[in-house]
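*Asks:* This structure is in structure tokens; I'll ask about it shortly.
The values are calculated or read from the model by the stated rules, or taken from the named source; none is laboratory data. Note that the coordinates shown come from a computational prediction; the quantities given were computed from them, not determined experimentally. In this analysis, Cβ positions are derived from the backbone assuming ideal geometry, glycine residues included, and neighbour counts consider all displayed protein chains. Just so you know, the surface numbers come from the protein's heavy atoms only, side chains and all, with ligands and any DNA or RNA stripped out. Shrake-Rupley method; radii C 1.70, N 1.55, O 1.52, S 1.80 Å.
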Amino acid sequence: MYKLNYLFLFFAMTLGCFAQSKSTNVIPGITNITIGSTESKSLFGLNIIEYGRGGTNSKNSGDVEGSTYLFKGWYNKSTIWLNDKIFNINSINYNLENEKFEIKLNNDSILIVNPAINIKKVKINNIIFKPFYNEDLQKDSFFEVLWSSDDYSLLSNYKLKIQAGDIDPLTKTYINQKKYTQKKYYFLKKNNEEKMVAIKLKKSEVLKLIDTYNVDKVKSFVKKRRLKYNRISDVKDMLTYYNSIKN
């Protein structure tokens, strides 16, 4: 079992914490920070006001194989922008089960980062995440920012799925165990609107992001570069090109 620290924003506390000038706290490795220590209580300039024991699955203890985490390992270079402070952390992962970032303090301690504490963005291995309101969950959740312009942002959200296993019809035992898989969903969010809409990576929907005047130019660009509408890296190239030619 991991010891879980739940990180919350307490408004009265943060008035004093963030009234100071902007600063960058560099944490090259936090494996020596322990629960209850001065360092853990002051991490991010906030007091931890609730903590306890619980379980976060690096591997499920039941009959499901695989990991509930987005990244394979815990060593991931990251930067967290929290209000007017910046933190560099090398031991972080994203738990798809609870849809929150977790910082590994040591082999037995995990710090859970709540997206509702005024985090502006999180950068992990050059991947940018920002908190947005998730209508399905009725709460803030982290989304990967794939591409953005002055008009809209293309986002993605990861979901944890369980792939069915194969059962021997005679013995009724698993030949292949059930296992966790990751499913990626895409969304479009206009900068002047709070609501985001789901989008599929296919030609008809991608071209809706292009104004009528420039559609043929983008199509020619796609054909010349042999790009695919169902490949996110290619879609980002299309939108970057479109953004460079539009009025």
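*Asks:* Could you count how many residues in the range 135-147 are open to solvent by less than 40 Å² (accessible area, probe 1.4 Å) and in contact with a Pro (Cβ under 9 Å, 6 or more places away or on another chain)?
*Replies:* Within the range 135-147, the first condition is being open to solvent by less than 40 Å² (accessible area, probe 1.4 Å), and the residues that meet it are 141-147.
Then drop every residue that is not in contact with a Pro (Cβ under 9 Å, 6 or more places away or on another chain), which leaves 141-143.
Residues meeting the conditions: 3.
*Asks:* Being part of a helix (DSSP H, G or I), closer than 23 Å to Leu155 by Cβ and not hydrophobic (A, V, I, L, M, F, W, C) is the filter here, so list the residues in the range 197-226 that pass it.
*Replies:* Answer for the range 197-226, where residues must be part of a helix (DSSP H, G or I), closer than 23 Å to Leu155 by Cβ and not hydrophobic (A, V, I, L, M, F, W, C): Lys203, Ser204, Glu205, Asn214.
*Asks:* Glu194: of a type in the set (Asp, Glu) and either crowded, with 16+ Cβ neighbours inside 10 Å or outside any loop (DSSP other than H, G, I, E, B) (or both), yes or no?
*Replies:* Numbers: of a type in the set (Asp, Glu): yes; either crowded, with 16+ Cβ neighbours inside 10 Å or outside any loop (DSSP other than H, G, I, E, B) (or both): no.
Against the criterion (of a type in the set (Asp, Glu) and either crowded, with 16+ Cβ neighbours inside 10 Å or outside any loop (DSSP other than H, G, I, E, B) (or both)), Glu194 does not qualify.
*Asks:* Do you know which residues across the range 171-184 are surrounded by fewer than 14 Cβ atoms within 10 Å (Cβ to Cβ), on the phi < 0 side of the Ramachandran plot and either modelled with pLDDT of 80 or more or out of contact with any strand residue (DSSP E or B) (no Cβ under 9 Å at 6 or more places or on another chain) (or both)?
*Replies:* Thr171, Thr181, Lys183, Lys184
*Asks:* Continuing with this model, one more query. Enumerate the pairs (first residue in the range 200-214 and without any contact (Cβ under 8 Å) to a residue 12 or more places away in the chain; second residue anywhere and of a type in the set (Asp, Glu) and surrounded by 15 or more Cβ atoms within 10 Å (Cβ to Cβ)) with beta-carbon separation below 7 Å, excluding pairs fewer than 6 apart on the same chain, so at least 6 apart or on different chains.
*Replies:* Filtered contacts from the range 200-214: no entries.
*Asks:* Among the residues of the range 50-80 satisfying the criterion of being of a type in the set (Lys, Arg) and at pLDDT 85 or above, which is most open to solvent (accessible area, probe 1.4 Å)? If you could, list the steps in order and put the result at the bottom.
*Replies:* Our first condition is that a residue be of a type in the set (Lys, Arg); within the range 50-80, this holds for 53, 59, 72, 77.
When the remaining residues are screened for being at pLDDT 85 or above, the result is 72, 77.
Working: Lys72: 219, Lys77: 126 Å².
Residue satisfying both the conditions and the ranking: Lys72.
*Asks:* Still on this structure, I have one more. Take the residues of the range 205-233 that are more than 25 Å from Phe132 (Cβ to Cβ) and among the polar types (S, T, N, Q): which is surrounded by the fewest Cβ atoms within 10 Å (Cβ to Cβ)?
*Replies:* Among those residues, the one meeting the criterion is Thr212.
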